[in-house]
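To start, the structure itself, in structure tokens.
The values are calculated or read from the model by the stated rules, or taken from the named source; none is laboratory data. Source: prediction; values computed, not measured. When we count neighbours, we look across all protein chains shown, and the Cβ atoms used for this are built from the backbone with ideal geometry, even at glycine.
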Amino acid sequence: MTMTKQDADATRALTALEDADASVRLRAAMAIGTAPDPRFVGTLVERCAVEPDFQVRELLTWALTRHPSALTVPPLVAELDSEGAQARSQALHTLSKIGDRQAWPAITRAHLTDTDDEVARSAWRAAVVLVPEGEEPGLAQMLATQLGRGGRETQLSLSRALIALGEVIMETLRAAAADPDPRVRLHAKATEQLLRDPDAGFECAIEEAKRIVALGTDGREE
């Protein structure tokens, strides 16, 4: 059977995704996203799990979003059980970009508390995008169990995820502000400051939280 030009182009693009040169892989991902084809989906998902270059991974995700979610969500959900941290993280990231809430049940407590910070951060972002209406308070409580975790970037990611849920987080944050762990208390207060003043920046929120904690739970000087 004679190969059509479309088939030949598809074969070249799929082969190029494995090229040693990141710029070649980048162009291949862009070409696939520009001309979506169901035959690309499996390879795109597989490449997300192993692609070492951040920019290429972002284009792989973009290319997946260009395909129907009915084709992309099932293999991405399957990746959430992968032993590879990058596979889990990138699948969660891509699901957050696709935004299909059918993926919501696949995001579990294990993902939200994953010991790998990148996986957990991707899970937090995906969860706040996909959470069904009415389940935000429960998600807020789950996310609050991670307050105080990690360094600045991890804590900022969690704060942003919580803030994306809106005012429903206030009760949870107030409870966390009384936690025995000072890191949890400080992170909870900083998140509340960011919710009230999104333009303040995380560092300013942390400093203000330190001041409030030092003055007492109501933040007023006696």
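Counting just the residues of the stretch 74-107 that are in a loop (DSSP other than H, G, I, E, B) and touching a helix residue (DSSP H, G or I) at 6+ places or on another chain (Cβ under 9 Å), which one comes out surrounded by the most Cβ atoms within 10 Å (Cβ to Cβ)?
Checked the stretch 74-107; the qualifying residue surrounded by the most Cβ atoms within 10 Å (Cβ to Cβ) is Ile107.
Can you give me the number of residues within the stretch 22-47 that are of a type outside the set (Val, Ile, Thr), surrounded by 20 or more Cβ atoms within 10 Å (Cβ to Cβ) and closer than 15 Å to Pro74 by Cα?
Within the stretch 22-47, residues that are of a type outside the set (Val, Ile, Thr), surrounded by 20 or more Cβ atoms within 10 Å (Cβ to Cβ) and closer than 15 Å to Pro74 by Cα number 2.
Name, by its number, the condition in (1) of a type in the set (Asp, Glu); (2) under 21 Å from Val168 (Cβ atoms); (3) in a helix (DSSP H, G or I) that does not hold for Glu118.
All conditions pass for Glu118, except number (2).
Quick one: which residue in Leu71, Leu59, Leu64 is within 24 Å of the chain's Cα centre (by Cα), under 21 Å from Gln102 (Cα atoms), surrounded by 21 or more Cβ atoms within 10 Å (Cβ to Cβ) and at pLDDT 95 or above?
Being within 24 Å of the chain's Cα centre (by Cα), under 21 Å from Gln102 (Cα atoms), surrounded by 21 or more Cβ atoms within 10 Å (Cβ to Cβ) and at pLDDT 95 or above holds for just one of Leu71, Leu59, Leu64, which is Leu64.
Filter the stretch 177-192 for residues that are surrounded by fewer than 23 Cβ atoms within 10 Å (Cβ to Cβ) and touching a Leu at 6+ places or on another chain (Cβ under 7 Å) and give the result.
Val184
List the number of the failed condition for Ala110; all other conditions in (1) farther than 30 Å from Gly148 by Cβ; (2) without any contact (Cβ under 8 Å) to a residue 12 or more places away in the chain; (3) assigned to a helix (DSSP H, G or I) hold.
Failed condition: (1).
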